[in-house]
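I have placed the structure first, in the form of structure tokens, so that the comments after it can refer back to it.
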Amino acid sequence: MKKLEKGSKKLLNAWAFYDWANSVYTLTIASSIFPIFYSALFISEIKKINAFGFEFKSTALITFVTAFTFLVVAFISPILSGIADYVGNKKTFLKFFCYLGSAGCIGLFWFDISPDKIHLSLLFYFMGLIGYWGSLVFYNSYLPDIAFEHQQDSISAKGFSMGYLGSVILLIINLIMVMFPEMLNIESSLDETASQRAMRYSFVTVGFWWALFSQYTFYWLPKGVSENHKITKAILFNGFKELQVVWKDLKNNLRLKRYLNAFFVFSMAVQTIMLVAVYFGEEEIAWADDNAKKMGLVGSILLIQLIAIIGAFLTSKASEKYGNIKTLIGVNVIWMVLCVYSYFMITPTHFYIAAGIVGFVMGGIQSLARSTYSKFLPDTEDTTSYFSFYDVAEKIGIVIGMIIYGAIDQFTGSMRNAILFLVIFFFVGIILLVRVPKKVSG
């Protein structure tokens, strides 16, 4: 195989193509069809399940498992980052997590909530989530290796666009499978409907799509930059040492420190809502029938994806006029009102309105939060460590948010109470944003 030069068009496109391959996981498994499938496994109105020696509310269980997975991700990310920065054979690690996630998705075909199978089923779910986030560590670390600085913004945006396009294409295909299973001769059985069976096949399509389309990326990406470096104990924990250095440096940057505190609080609420939105819609909204529910929930996810692009653009324009912090405060106010609105919504129309608002503020707050952090960084070449700190803070926030949400759902029996509680995080986030200094100070 011919080695491509850094900055070459073919190499850049090969890197961006991994977004096309792996983004199907987030849209089909994490955000739409799997949550619908999981909820449909529970027939009774009071959805309970026994796992790990305890009885859980069904939505609380998947929330806790997701929180645990992100805790693992938060722990291994600095280790993986340290390896990615030092070891030459990054492609081996990228392949490992890609295939781990792909296998997890395919394994969801056998997902079963019976006592003797629930733990293996949750393991497949765990594998998919770990595989996705683990592979991203190495995928992102390739960017400065394959692109010059002036190319990085554009090729990163191209990867995002390709990921969006690929995931929407497969989701539409999966939606057709689920809504019209007879077209593919998918039949029902004594245990489940043809539509549920089609959902299982959709998980398999995600796994194969992810693994197969990644081959183009794997073929052209270089082995790595460094050569003949071995993994030692010092290298394994180098990522944690870098995080410790950033933590100490925050004492000398009050603006960045206060902004990170605000980000940590409001981000845990934002990410929690994004992860549980479909479970909430499935359980708390009065749909006419199962078909209306499936079409409505998946349609809402597509709506969110489309509006998120518009929201990110408009939020960027608002930040140019009013400044990043004021715009973030405004977006957090909208999120806070949305939580109160969600507590009272009942009909599908209510849910569609909420989905539209979520899409608008989701794209805006994610893009603006990261760019604001980037603007507040000190004059340093070690941006990797600072963004690693940012990512770990985000993941730990997700863990806390999901655990609190799951606990309220578990003990009160209602996701409405859990979503209303998140108002507190947005309110505190607003207060912390107000306290961010306009100028750098010690």
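The values are calculated or read from the model by the stated rules, or taken from the named source; none is laboratory data. Because the structure is a prediction, the values reported are computed rather than measured. With ideal geometry, Cβ positions are generated from the backbone for all residues, glycine too; neighbour counts draw on all protein chains shown. SASA here: full protein model, heavy atoms, side chains in, ligands and nucleic acids out. Shrake-Rupley method; radii C 1.70, N 1.55, O 1.52, S 1.80 Å.
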Rounded accessible area per residue of the chain, 1.4 Å, Å²: 46 Å²
Charged-residue dipole, Cβ positions (Lys, Arg, Asp, Glu), the chain about Cα centre, Debye nearest 20: 1460 debye
Spherically averaged projected area of the chain from its Cα convex hull (nm²): 21.8 nm²
³J(HN,Hα) computed for each position of region 174-186 - Karplus, 6.51 cos²θ - 1.76 cosθ + 1.60, integer Hz, glycine/proline x: 5, 5, 4, 4, 6, 7, 10, x, 5, 4, 10, 6, 8
Whole-Hz couplings from phi, Karplus 6.51/-1.76/1.60, listed for region 127-140; x for Gly and Pro: 4, x, 5, 5, x, 5, 6, x, 5, 5, 4, 7, 4, 5
Dipole axis of the chain (+1 Lys, Arg; -1 Asp, Glu on Cβ), positive-most option in 431, 219, 61: 431
Projected label distance in nm at residue 237 and residue 160, using a 7 Å step from Cα toward the beta-carbon: 3.7 nm
Cα-based reach from residue 117 at 20 Å (exclusive), listing lysines while leaving out same-chain residues under 8 positions away: 47, 48, 57
Cut-off under 5 Å, modelled amide H: who pairs with residue 50 long-range: 56
Relative contact order computed over region 324-439 (Cα-Cα under 8 Å; 6+ residues apart), in percent: 48 percent
Carbon + sulfur, % of accessible area of the chain - ligands and nucleic acids excluded, 1.4 Å: 65 percent
Karplus-derived HN-Hα couplings along region 66-79 (A = 6.51, B = -1.76, C = 1.60, θ = phi - 60°), whole Hz, x at Gly and Pro: 5, 4, 4, 4, 5, 5, 4, 4, 4, 6, 7, 4, x, 5
Residue 297 - accessible surface, heavy atoms, 1.4 Å probe, Å² rounded to 10: 0 Å²
